[in-house]
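Report on the following structure.
The values are calculated or read from the model by the stated rules, or taken from the named source; none is laboratory data. Everything quoted here is computed from the prediction, not taken from an experiment. We place every Cβ from the backbone using ideal geometry, glycine too, and count neighbours over all the protein chains shown. Side chains are part of the model used for accessible areas, which takes the heavy atoms of the whole protein and leaves out ligands, DNA and RNA. Shrake-Rupley method; radii C 1.70, N 1.55, O 1.52, S 1.80 Å.
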Amino acid sequence: MAESLAAKRDKIIVIVRADGPLLPIAITKKLDLNLTFASAILSELVDNKILKITNVKYGGSPFYYTEGQETKLQNLMRHLNQKDLATAELLRNKKILRDKDLDTLQRFGLRQIKDFAKPVNVNVNNETHLFWRWYLANDDEVKDSINEYLEARLPKK
């Protein structure tokens, strides 16, 4: 049984690497596994940091993916509600957004779309400013954009 479990675990990893991000039901169909059993294996693989899990859900289920498949997460944006989708699109286009500049609904949405929006705290003149960065934006791009924003909008002391 232990060999069988290890073999199933390995097959799940291969399937997710090939086709991820995937819903648990898609994995169970490919392996002809019981959903509860497959979910337990997936949970173990996430706990062991072999697989990653999304906050985006479809039908109440998250998607599973591996390191290196982050760009494919954009395909999951269609599963966001309309307001969160609009906020995600705004962030994707702008690369960074300052939390204070947004309306309440957008601020709430950014906290919900954790797969796409990453918080960045910036300290300026003993004040912390919260920015949100598009999850695929590179560090230099984010740093430059935040610096440009701060230079243009914050009073110099």
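If A88 satisfies every condition in (1) loosely packed, with under 15 Cβ neighbours inside 10 Å; (2) outside any loop (DSSP other than H, G, I, E, B); (3) among the small types (G, A, S) but one, which is the exception?
The number of the failed condition is (1).
Checking T28 against (1) β-branched (V, I, T); (2) in contact (Cβ under 8 Å) with a residue 12 or more places away in the chain; (3) farther than 20 Å from R133 by Cβ; (4) open to solvent by less than 60 Å² (accessible area, probe 1.4 Å), which single condition isn't satisfied?
Condition not satisfied by T28: (2).
Step by step: first the residues of region 14-25, then only those that are open to solvent by less than 20 Å² (accessible area, probe 1.4 Å) and part of a helix (DSSP H, G or I), then the one that is nearest to H79 (Cα to Cα). Which residue is that?
So, considering only residues that are open to solvent by less than 20 Å² (accessible area, probe 1.4 Å) and part of a helix (DSSP H, G or I), the one nearest to H79 (Cα to Cα) is P24.
List every residue pair whose Cβ atoms sit under 9 Å apart, with the two residues 6 or more apart in sequence or on different chains, where the first one lies in region 127-140 and is under 9 Å from F116 (Cα atoms) and the second, anywhere, is of a type in the set (K, R) and loosely packed, with under 14 Cβ neighbours inside 10 Å.
Qualifying pairs under 9 Å: Y135/K114.
For region 117-134, name all the residues that are assigned to a strand (DSSP E or B), farther than 12 Å from R92 by Cα and not acidic (D, E).
P119, V120, N121, V122, N123, V124, T128, H129, L130, F131
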